[in-house]
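S.K.: Encoded as structure tokens, here's the structure I'll be asking about.
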Amino acid sequence: MNVRIEESWKQALQSEFEKPYFAGLVARLHEEKDRGEVFYPPGSQIFRAFELTPVPQVKVVILGQDPYHNPGQAMGLSFSVPDGVPAPPSLVNIFKEISSDLGIRMSGSPNLEPWARQGVLLLNSILTVRAGQAASHRSLGWETFTDAVIKYLSDNCDGIVFMLWGNFARTKAALIDPAKHLILEAAHPSPLARGAFFGCKHFSKANNFLTFRGKTPIEWQL
């Protein structure tokens, strides 16, 4: 893999990269590639979230499950797709909630890099997926790695907002110290949740918390 990762994350996660499970994970990905399997995102973007949002800058973590599995969608940031790609239904609902919560108009741009550059770690629990097969890399070991990421942030940082949407993400609350951080839980923004996500007001709650902690709030408008 042609991995690019920012220096503070290299230092924070060095011990994970050296563990046997991670070597096995990389080997499995190489085996799939050698068999001609296609997986997303491209190798250079697997760690894109860590490239754009250094450890000291993390203010908010938005946890997704695994990357989009259709061509041209996955870009290494949870819920985000590149410019020019139609926003997936979950992202459309996220934008609707932001508009309702903050009273702002979203442009519809589906590329969430501006959030990442402000300190929003757009983290999928599973960092790769086989083309056309949702959750196909669930067994590779990515969850062990990203659980370590969450635990590292909880233990070594203060005042982070963790947005956990859906039952899968909400299981990660056990990794986070609620005395140091704000944990916001809600239904998943997917249409399958039948609108239960709407009204969570996570974006105003996050900014109120950040302001209270003396941090610059996130400009959610795109």
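S.K.: Please give the solvent-accessible surface of Glu185 in Å², to the nearest 10, using a probe radius of 1.4 Å with every protein chain present.
M.R.: Approximately 80 Å² of Glu185 is accessible to the 1.4 Å probe.
S.K.: Quick one: ranking Lys205, Lys59 by accessible area, 1.4 Å probe, largest first, what do you get?
M.R.: On the way: Lys205 95, Lys59 40 Å².
Highest to lowest solvent-accessible surface, that is Lys205, Lys59.
S.K.: Set Lys and Arg Cβ to +1 and Asp and Glu Cβ to -1, take the dipole of the chain about its Cα centre, and tell me which of Leu29, Pro56, Leu112 lies farthest positive.
M.R.: Result: Leu112, furthest along the dipole toward the positive end.
S.K.: Mean separation of Cα pairs under 8 Å and 6+ residues apart, divided by the residue count of the chain: what relative contact order is that in percent?
M.R.: On the way: 394 pairs, mean separation 50.4, N = 222.
The normalised contact order for the chain reaches 23 percent.
S.K.: Is there a quick way to get the dipole size of the chain? I mean about its Cα centre, with the Cβ of Lys and Arg at +1 and of Asp and Glu at -1; what is the value in debye to the nearest 20?
M.R.: 440 debye
S.K.: Would you work out what percent of the accessible area of region 1-137, with all protein chains in place, is carbon or sulfur (probe 1.4 Å)?
M.R.: Details: 2910 of 5820 Å².
Here carbon and sulfur together make up 50 percent of the probe-accessible area.
S.K.: Using heavy-atom solvent-accessible surface (probe 1.4 Å) with all chains present, what is the largest-first order of Lys96, Lys172? Could the numbers behind the result be given before it?
M.R.: Working: Lys96 115, Lys172 20 Å².
The most accessible residue leads, giving Lys96, Lys172.
S.K.: Given a 10 angstrom Cα cut-off, can you work out which residue in Pro189, Pro67, Pro178 is the most mobile in a GNM of the chain?
M.R.: Maximum fluctuation in the GNM of the chain, among the listed residues, is at Pro178.
The values are calculated or read from the model by the stated rules, or taken from the named source; none is laboratory data. The model shown is predicted, which means the values in this text are computed figures rather than measured ones. We place every Cβ from the backbone using ideal geometry, glycine too, and count neighbours over all the protein chains shown. Side chains included, ligands, DNA and RNA excluded: accessible areas come from the protein's heavy atoms. Shrake-Rupley method; radii C 1.70, N 1.55, O 1.52, S 1.80 Å.
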